[in-house]
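Contents: one structure, followed by commentary.
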Amino acid sequence: MKQILLVFLGGGLGSVLRYLISKPLNFYFTNFYLGTFIVNIIGCLIIGFILGISLKNSYFNENQILFLATGFCGGFTTFSTFALENNSLLKNGDLLAFALYTTLSITVGIFAVSLGIWLTKLS
């Protein structure tokens, strides 16, 4: 039950922070969901950093990983929103924005996870 509560609390915190970051940024750009993009990239970097530290020296215990990676990052990152926004771009026939948004989100997201892991190896 403790693990479920940790995931719940981390997810709630991540969701609120996602809303506070993405809502104002998405408002200003109609053809590119910059807020969602930034949140997803930051989330990828954070989860890479958390997992990198854990793999390097077991800095986080299981409960901390549940709270931070599963809960916070799970609530903070927005893949379902990403899929919905891509669907909207396709429905509107904006193929260039769809291709750019999808390609950048995936490639930069993977890079951010790798960067987070790499940064943990510096010290």
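For Q64 paired with L34, estimate the spin-label separation in nm (one decimal), with each label point 7 Å from Cα along the Cα-to-Cβ line. Reported label-point gap for Q64 and L34 is 3.5 nm.
When the helices in the chain are scored as -39500 (n - 2.57) per DSSP H run of 4 or longer and the sum is shared across all residues, what 222 nm value do you end up with, to the nearest 500 deg cm²/dmol?
Values: 5 runs with 94 residues, N = 123.
Calculated mean residue ellipticity at 222 nm is -26000 deg cm²/dmol.
The lysines within cross-link reach of K121, meaning a Cα-to-Cα straight distance under 18 Å and a gap of 8 or more places when in the same chain, are K56. Contact order, relative form, for the chain: 40 percent (alpha carbon pairs under 8 Å, 6 or more residues apart, mean separation divided by residue count). Projected over all directions and averaged, the alpha-carbon convex hull of region 12-123 occupies 7.1 nm².
Here each label is just a point 7 Å from Cα along the line to Cβ, and for L90 and F27 those points are 3.0 nm apart. For a modelled paramagnetic label at F8, 7 Å from Cα along Cα-to-Cβ, the residues of region 47-67 in reach, with backbone nitrogen under 15 Å, are 67.
What helices does the chain have that are whole DSSP H segments, at least 24 Å long along their own axis by Cα, and with mean Kyte-Doolittle hydropathy of 0.5 or more? Span-like helices, by this rule, are 2-28, 34-57, 95-120. For K2, the aspartates and glutamates whose Cα falls under 15 Å of its own Cα, not counting residues fewer than eight places away in the same chain, are E62. Residues whose amide H falls under 5 Å from that of F60, counting only those 5 or more places apart or on a different chain, are S54, with hydrogens built in the peptide plane. In this structure the chain gives 62 Å² per residue of accessible area when probed at 1.4 Å with all protein chains present.
With unit charges on the beta carbon (Lys/Arg positive, Asp/Glu negative), name the residue among S114, L5, N61 whose Cα is farthest towards the positive pole of the charge dipole of the chain. Of S114, L5, N61, it is N61. The apolar share of the surface of the chain, taken as the fraction of accessible area on carbon and sulfur atoms (1.4 Å probe, ligands and nucleic acids excluded), comes to 73 percent.
The values are calculated or read from the model by the stated rules, or taken from the named source; none is laboratory data. These numbers come from a predicted model, not from an experiment. Here Cβ is always computed from backbone atoms with ideal geometry, including for glycine, and neighbour counts include all displayed protein chains. The area values use the complete protein model at the heavy-atom level, side chains included, leaving out ligands, DNA and RNA. Shrake-Rupley method; radii C 1.70, N 1.55, O 1.52, S 1.80 Å.
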